[in-house]
Amino acid sequence: MSESLSRTESELRVMILGIGNLLWADEGFGIRVVETLHEHYRFPANVELMDGGTQGIYLVQHVQRCDLLLVFDAIDYGLEPGAMKVIHGDDVPKFMGAKKMSLHQTGFQEVLAMAEFTGDYPQHLLLIGVQPVELEDFGGSLRPAVQAQVDPAIRIALDYLDSFGIHPQKRDQPLPLQEQLAPSELQQRRYEEGRPSEDDACRRGDERFLNQTAVKESGN
């Protein structure tokens, strides 16, 4: 490969980061990819998988300590819904803020800028993003065109890691629910199975979240 390595492959500090918001349909793409990777693959000790959610600037400490950063996200590229685009290196910050869909994108652009300012910036950076189909659906799941890009995104990521000599091992069996990254209530299968019908969701909202809100408010 054309990039020179300052560390050996086994010494590279690698972070695989999914960012987005599971509660807004295709905004959850990055989280679902990392969740799927963790469920089905074992990674070497120098590789960390992280559900970055919408933490924004609070992710800077994690970015600062890695040599290779691989990010999954839903990005408005202005492409056909469901289209995937892969961005390398210095072009990543430009795409993270080109067409802002939500606060987390601007926040992550600032994360990269802060890491660069402090001199602790990843030597290798890859963004694997998908054009969302639907965002305005609170409690909604990935649309089929976006869901269909989860496995291709994983293949691109594995090929990229392979070029650095990093070879995750396929698990014999998927991780049990209690060992996965997300709380069990938010894991994709349970999350989608527990969602009310479209009519109920439109009329009364998603009771899983409304009930929690009511309990919190009554406790104040």
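The values are calculated or read from the model by the stated rules, or taken from the named source; none is laboratory data. Here the structure is a predicted model, which means the values were calculated and not measured. Glycine gets a Cβ as well: all are built from the backbone with ideal geometry, and neighbour counts include every protein chain shown. The area values use the complete protein model at the heavy-atom level, side chains included, leaving out ligands, DNA and RNA. Shrake-Rupley method; radii C 1.70, N 1.55, O 1.52, S 1.80 Å.
Computed extension gain for Glu116 through His40, at 0.36 nm per residue and net of the alpha carbon distance, reaches 24.1 nm. Taking the convex hull of the alpha carbon positions in the stretch 24-91 and averaging its projected area over all directions gives 5.8 nm².
Of the residues Ser141, Ser163, the one with the largest accessible area comes first in the ranking Ser163, Ser141, computed with a 1.4 Å probe on protein heavy atoms.
Largest accessible area first, the listed residues Glu35, Glu110 line up as Glu110, Glu35 when surface is computed with a 1.4 Å probe on the assembled protein chains.
Could you calculate the FRET efficiency of Asp91 with Gln169 from 1/(1 + (r/R0)^6), where r is the beta carbon distance between them and R0 is 30 Å, rounded to 0.05? Present the calculation step by step, with values, prior to reporting the outcome.
Working: r = 31 Å, r/R0 = 1.04.
According to the calculation, E is roughly 0.45.
If you sort Arg32, Arg143 by accessible surface, 1.4 Å probe, largest first, the order is Arg143, Arg32. Model label points for Glu48 and Leu158, set 7 angstrom from Cα along the Cα-to-Cβ axis, are 2.5 nm apart.
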